[in-house]
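Chemist: Take a look at the following structure, please.
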């Protein structure tokens, strides 16, 4: 057992009586209560802890490529904690470790619900409220990863440090409508592997990134539910830079990009509420500054006059999917996505994914699938995937509908 020693005779003489009191007060400073919900020796605070281990086996074959074969990877290990801070406030933390990104605090936010009604405010780091899938973590998706159009226009994960306002209200007797508005310090765009996107550390309020969403739920028939949604992500000011062949760098500033989306979802179930169908889709458009490439100004070996040529325009894409739940253990689905690349000439990419999910228990899930990618300006590829995901403890994120 570790012992706490205090190099002050007065503290030693006070013994346990003082140890159970408030925090140490510096002489001459105002008295204050101990920080936190309990004192340092109390065990009353009991947050919900949980975690996820997500593994993936992939066999991939690409036309005209030697980079084929099998890969077994631990995709991520996630640790979560969430708790009520007081009757009006709850908070959660999500820490994720992955081979590509290392250890990161993906989400850490406080949610305040004390305004009355259905209004709430979230502050901290959290995923953006865009469409039906961007709020969820990868292991919580119905498929192995986000649809191709989302990865291309918004990224595999999109979170930031910000503040979000939420509210919802009844729409008649058979529906509800929710809206949210959020501002973020930065939401870096997806612009290509060779380019680095960034925003200034301090910026005018008008240059903060923002998101907005309006969505509604409505009963559709005896056992059906229909949802519609409108989403926006704005980035009014960002910069791009890249490294040149001579080790130097070139960049450009004052860029902007907006992404808008429309989503529709319909679900229906049988009288048990377990077996049923879900159909959905989302259309997105990315507008503004999309990408950039190095312009050597006609002098390939002279890097001194190189500049970045920015691609400006509009690109669009969509995904549609359907899934059937046979029962609480078995489900299968199909997803198709197609989008215009952020490149000159707007070549298109398409992706088709078929999958089968077997819930082994309430805490373990096994998923099998095949994915076929068909880029207009590249080589087709086929992948067979097996995903094994295990949940333990309390698993919860700050996801809203």
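Chemist: Scan the stretch 234-259 for residues that are over 14 Å from residue 290 (Cα atoms) and either modelled with pLDDT of 95 or more or in a loop (DSSP other than H, G, I, E, B) (or both) and jot them down.
Modeler: Here is the first cut: in the stretch 234-259, the ones over 14 Å from residue 290 (Cα atoms) are 242-251.
Once the filter is applied, which keeps residues that are over 14 Å from residue 290 (Cα atoms) and either modelled with pLDDT of 95 or more or in a loop (DSSP other than H, G, I, E, B) (or both), the stretch 234-259 yields 244, 245, 246, 247, 248.
Chemist: Go through the stretch 186-212 and report how many residues are in contact (Cβ under 8 Å) with a residue 60 or more places away in the chain and more than 12 Å from residue 259 (Cα to Cα).
Modeler: Count: 3.
Chemist: Here is a further query. In the stretch 89-102, which residues are in contact with a strand residue (DSSP E or B) (Cβ under 6 Å, 6 or more places away or on another chain), touching a residue at least 24 places away in the same chain (Cβ under 8 Å) and surrounded by fewer than 16 Cβ atoms within 10 Å (Cβ to Cβ)?
Modeler: Passing the criteria: only 89.
Chemist: Can you find a residue that is more than 22 Å from residue 284 (Cα to Cα) and either in contact with a strand residue (DSSP E or B) (Cβ under 9 Å, 6 or more places away or on another chain) or surrounded by 13 or more Cβ atoms within 10 Å (Cβ to Cβ) (or both) anywhere in the stretch 130-138?
Modeler: Step one: list which residues in the stretch 130-138 are more than 22 Å from residue 284 (Cα to Cα), which gives none.
Among the residues of the stretch 130-138, not one is more than 22 Å from residue 284 (Cα to Cα) and either in contact with a strand residue (DSSP E or B) (Cβ under 9 Å, 6 or more places away or on another chain) or surrounded by 13 or more Cβ atoms within 10 Å (Cβ to Cβ) (or both), which makes the answer no.
Chemist: Just checking, does the stretch 323-337 include any residue being surrounded by fewer than 16 Cβ atoms within 10 Å (Cβ to Cβ), within 24 Å of the chain's Cα centre (by Cα) and under 27 Å from residue 61 (Cα atoms)?
Modeler: First, the residues of the stretch 323-337 that are surrounded by fewer than 16 Cβ atoms within 10 Å (Cβ to Cβ): 324, 326-330, 334.
Add one more test, that the residue is within 24 Å of the chain's Cα centre (by Cα), and what stays is 334.
If we keep only those that are under 27 Å from residue 61 (Cα atoms) as well, we get 334.
Checking the stretch 323-337: at least one residue is surrounded by fewer than 16 Cβ atoms within 10 Å (Cβ to Cβ), within 24 Å of the chain's Cα centre (by Cα) and under 27 Å from residue 61 (Cα atoms).
Chemist: Would you tally the residues in the stretch 59-83 being in contact with a strand residue (DSSP E or B) (Cβ under 6 Å, 6 or more places away or on another chain) and either touching a residue at least 40 places away in the same chain (Cβ under 8 Å) or at positive phi (or both)? Break it down into steps so the answer makes sense when it comes.
Modeler: Initially, the stretch 59-83 is screened for residues in contact with a strand residue (DSSP E or B) (Cβ under 6 Å, 6 or more places away or on another chain), giving 59-62, 68, 70-82.
From what is left, the residues that are either touching a residue at least 40 places away in the same chain (Cβ under 8 Å) or at positive phi (or both) are 59-62, 75-76, 78, 80, 82.
Count: 9.
Chemist: Can you confirm whether residue 244 is in contact with a helix residue (DSSP H, G or I) (Cβ under 7 Å, 6 or more places away or on another chain), in contact (Cβ under 8 Å) with a residue 24 or more places away in the chain and within 28 Å of residue 303 (Cβ to Cβ)?
Modeler: Details: in contact with a helix residue (DSSP H, G or I) (Cβ under 7 Å, 6 or more places away or on another chain): yes; in contact (Cβ under 8 Å) with a residue 24 or more places away in the chain: yes; within 28 Å of residue 303 (Cβ to Cβ): yes.
In short, yes.
Chemist: Continuing with this model, one more query. Check whether at least one residue in the stretch 269-292 is part of a strand (DSSP E or B), modelled with pLDDT under 95 and surrounded by fewer than 16 Cβ atoms within 10 Å (Cβ to Cβ), and report yes or no.
Modeler: Yes, there is a match, as at least one residue in the stretch 269-292 is part of a strand (DSSP E or B), modelled with pLDDT under 95 and surrounded by fewer than 16 Cβ atoms within 10 Å (Cβ to Cβ).
Chemist: Just to check your reading of the model, which residue among 149, 105 is outside any loop (DSSP other than H, G, I, E, B) and surrounded by fewer than 15 Cβ atoms within 10 Å (Cβ to Cβ)? Quick ask: steps written out before the conclusion?
Modeler: Values: 149 fails: surrounded by fewer than 15 Cβ atoms within 10 Å (Cβ to Cβ).
None of the other options fit; the residue is 105.
Chemist: Give me the pairs, please: first residue somewhere in the stretch 328-348 and without any contact (Cβ under 8 Å) to a residue 40 or more places away in the chain, second residue anywhere and surrounded by fewer than 16 Cβ atoms within 10 Å (Cβ to Cβ) and outside any strand (DSSP E or B), beta-carbon distance under 6 Å, and either six or more positions apart or on two chains.
Modeler: Partner pairs satisfying both residue conditions: 347/376; 347/377; 348/376.
Chemist: So for the stretch 44-53 (the condition being more than 30 Å from residue 121 (Cβ to Cβ) and modelled with pLDDT of 50 or more), does at least one residue qualify? If you could, list the steps in order and put the result at the bottom.
Modeler: If we filter the stretch 44-53 for residues that are more than 30 Å from residue 121 (Cβ to Cβ), which is where we start, we get 53.
Going one step further and asking which of them are modelled with pLDDT of 50 or more, we end up with 53.
Within the stretch 44-53, one or more residues are more than 30 Å from residue 121 (Cβ to Cβ) and modelled with pLDDT of 50 or more.
Chemist: If we only count strands (runs of 3 or more DSSP E) wholly inside the stretch 296-380, which ones have 2 or more residues that are within 22 Å of residue 268 (Cβ to Cβ), out of contact with any helix residue (DSSP H, G or I) (no Cβ under 6 Å at 6 or more places or on another chain) and modelled with pLDDT of 95 or more? Step through it out loud before you land on a result.
Modeler: Working: elements: 307-325, 330-340, 348-359, 364-375.
Correct list: 307-325, 330-340, 348-359.
The values are calculated or read from the model by the stated rules, or taken from the named source; none is laboratory data. Note that the coordinates shown come from a computational prediction; the quantities given were computed from them, not determined experimentally. FYI the Cβ positions are ideal-geometry reconstructions off the backbone, even for glycines, and counts take in every protein chain you see.
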